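First the structure, then my questions, so here it is.
The values are calculated or read from the model by the stated rules, or taken from the named source; none is laboratory data. All values reported here derive from a predicted model rather than from experimental measurement. All Cβ positions, even for glycine, are placed from backbone atoms using ideal geometry, and neighbour counts span all protein chains on display. The area values use the complete protein model at the heavy-atom level, side chains included, leaving out ligands, DNA and RNA. Shrake-Rupley method; radii C 1.70, N 1.55, O 1.52, S 1.80 Å.
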Amino acid sequence: MSLISVSKFNIGQTTPLQTELRRESARLWNDMVKLHKFIRKRRWKWPFRGDFEKHFKSKYRLHSQTNQALIKKFFANIETTSENRKAGDKKARYPYRDRKHFQVVMYKASAIKRKGNRVILSNGLGVKKLIVRIPKDIPIGKITGAELSFRELRLTIKQDIKIIKSAGSNVVAADLGVIHLAAMTDGETSEIIVGRGLRSLIQYRNKKLAEFSRLLSKCKKGSRRSRKLRVAKAKMLFRNDNQQRNFLHHASKQMIDYCVKQQAGMLVVGDCINMSKNARKKKKGSRRSNQMNSNNPLGQLLTYLKYKGKFQGVELDKIGEQYTTQTCPKCGHRHKPSGRNYQCKNPECDFIGVRDLVGSANIKNKFENGRIEKGYLLPPLVAKYRRPVKVPVIRLNCVVHLTDGMLLDNTLDAAQALSSAGGKTPSELFHVA
């Protein structure tokens, strides 16, 4: 089976040839947008893609395949916008910016040649070829496409690899979240991926965006100060995106490795992607929790899990996670817990467990039985915590005052001992030796 991957890397300072190609690509895009507006205003019949290719043929200093790729992209935008408007999205707009200065230059396989650690991109007759040095860790395979943008090149690489049919007959369930990115269990063992590093990156991004918005609101549009702030904002977003992507790649690999280790061919996750959608309109959640959940890239994590698991024999499935962390797996009593531990409020039940592991055990229970059956599966008492990657310390423009504190033991054993002793105050928790 073929594996198609996209490698993105920085190519350094822009050259005059790169600038010329990106300007020529923008000229083609602007002409297509103007022609589309002209036809729509007169309510003429919309032409086919082949008509556009004939009309714009040999008018630009670009490779013929580059022209066709840009026209294909333009028509894809038109079709997507039409479908969204038919579905009721009135805010969907057709391409309207006809004064672009730069546009991505797209190359097809016929215009790409790989020679050692360099990629040669053809730009048609009379135009110099673009030669770009590529990193050594780029996968070996056939390059089927390339996109040139500002200081960046994306290569689409096709590789032939062997696919594992299934990693095993077991099922692993995962409860996705913010503090614990994924709490996984197969019924006997458990593993928790810590997500505090990802949460810190998201909060830092939101706070910096708010700070840039505040500073830009005081600047005159087009001023030198405004341009400097916009450049700094773009650099911050670029760095933050790379850090989040790196974190999610490591986390998804650890999740798939756990499934392979437990011989599980099925990974079931709770569908919580839309947990922050319209949270402010519905007035659900506090200001802190809304900021913590906003821009949470759990959808990107599922995408990584899907394609990584495909080549390890692990299938991904989603299931509704309603009441999975609120239902006691032992007696079926339901209540909303607070804190990281779950303690059943039923006086006839003495169950205590880690809240996220309770959720993952109930997800597995619901997947196998169609509903949460009480007493069917209890979560393990011991969990292994793993951090995907070390996140660099992020410093904001503020002073954090440190105070003397006390390190407390908030593990499951300490909670059980506290419950049996009848303690209720934080001062009665056990100190860490």
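Taking Val119 as meeting all but one of (1) buried (at least 17 other Cβ atoms within 10 Å of the Cβ); (2) under 30 Å from Gly375 (Cβ atoms), write down the number of the exception.
Val119 satisfies all of (1) buried (at least 17 other Cβ atoms within 10 Å of the Cβ); (2) under 30 Å from Gly375 (Cβ atoms) except (2).
Residues to consider are Tyr107, Tyr96; find the one that is in a loop (DSSP other than H, G, I, E, B) and among the hydroxyl-bearing types (Ser, Thr, Tyr). Spell out how you get there, then give the answer.
Working: Tyr107 fails: in a loop (DSSP other than H, G, I, E, B).
The unique qualifying residue is Tyr96.
Could you list all residues from the range 87-114 that are open to solvent by less than 40 Å² (accessible area, probe 1.4 Å) and of a type in the set (Phe, Trp, Tyr)?
Of everything in the range 87-114, just one residue is open to solvent by less than 40 Å² (accessible area, probe 1.4 Å) and of a type in the set (Phe, Trp, Tyr), namely Tyr107.
Is there a residue in the range 40-53 that is within 34 Å of the chain's Cα centre (by Cα) and small (Gly, Ala, Ser)?
No, there is no match, as no residue in the range 40-53 is within 34 Å of the chain's Cα centre (by Cα) and small (Gly, Ala, Ser).
Would you mind telling me which numbered condition in (1) in contact with a helix residue (DSSP H, G or I) (Cβ under 9 Å, 6 or more places away or on another chain); (2) over 23 Å from Val178 (Cβ atoms) Tyr304 fails?
For Tyr304, the exception is condition (2).
Let me ask something else. Would you mind finding the one in Lys253, Lys220, Lys233, Lys208 that is part of a loop (DSSP other than H, G, I, E, B), basic (Lys, Arg) and touching a helix residue (DSSP H, G or I) at 6+ places or on another chain (Cβ under 7 Å)?
Among Lys253, Lys220, Lys233, Lys208, only Lys220 is part of a loop (DSSP other than H, G, I, E, B), basic (Lys, Arg) and touching a helix residue (DSSP H, G or I) at 6+ places or on another chain (Cβ under 7 Å).
Of the residues that make up the range 221-233, is at least one modelled with pLDDT of 90 or more and within 16 Å of the chain's Cα centre (by Cα)?
Step one: filter the range 221-233 for residues modelled with pLDDT of 90 or more, giving 223-233.
Adding the requirement that they be within 16 Å of the chain's Cα centre (by Cα) leaves none.
No, the conditions are met nowhere in the range 221-233.
Sticking with this one: Six or more apart or on different chains, Cβ under 7 Å: which pairs go from a residue in the range 76-101 that's in contact (Cβ under 8 Å) with a residue 24 or more places away in the chain to one that's of a type in the set (D, E, K, R) and assigned to a helix (DSSP H, G or I)? Could you list them?
Every condition considered, the pairs that remain are Asp98/Lys34; His101/Arg23.
Now for a separate question. Looking for whichever is of a type in the set (D, E, K, R) and either under 21 Å from Lys8 (Cβ atoms) or at pLDDT 95 or above (or both) here; the options are Lys37, Lys108. Which one fits? Explain how you work it out, then say what you get.
On the way: Lys37 fails: either under 21 Å from Lys8 (Cβ atoms) or at pLDDT 95 or above (or both).
So the residue among Lys37, Lys108 that is of a type in the set (D, E, K, R) and either under 21 Å from Lys8 (Cβ atoms) or at pLDDT 95 or above (or both) is Lys108.
Select, from Leu181, Leu153, the only residue that is open to solvent by less than 10 Å² (accessible area, probe 1.4 Å), under 30 Å from Arg114 (Cβ atoms) and modelled with pLDDT under 95.
Sole residue among the options that is open to solvent by less than 10 Å² (accessible area, probe 1.4 Å), under 30 Å from Arg114 (Cβ atoms) and modelled with pLDDT under 95: Leu153.
Here's another thing I want to ask about it. I'd like to verify a number: residues in the range 257-299 that are modelled with pLDDT of 90 or more and touching a Leu at 6+ places or on another chain (Cβ under 7 Å), how many?
Total meeting the criteria: 3.
When you check Pro47 against the structure, is it surrounded by 13 or more Cβ atoms within 10 Å (Cβ to Cβ) and free of Cβ contacts under 8 Å to residues at least 12 places away in the same chain, yes or no? I'd like the intermediate steps shown before the answer.
Numbers: surrounded by 13 or more Cβ atoms within 10 Å (Cβ to Cβ): yes; free of Cβ contacts under 8 Å to residues at least 12 places away in the same chain: yes.
It is true that Pro47 is surrounded by 13 or more Cβ atoms within 10 Å (Cβ to Cβ) and free of Cβ contacts under 8 Å to residues at least 12 places away in the same chain.
Then there's this: So how many residues does the range 53-79 have that are more than 24 Å from Lys129 (Cα to Cα) and open to solvent by less than 70 Å² (accessible area, probe 1.4 Å)?
5
Quickly run through the range 157-190 and pick out the residues that are more than 29 Å from Ile202 (Cβ to Cβ) and of a type in the set (S, T, N, Q).
Gln159, Ser166, Ser169, Asn170, Thr189
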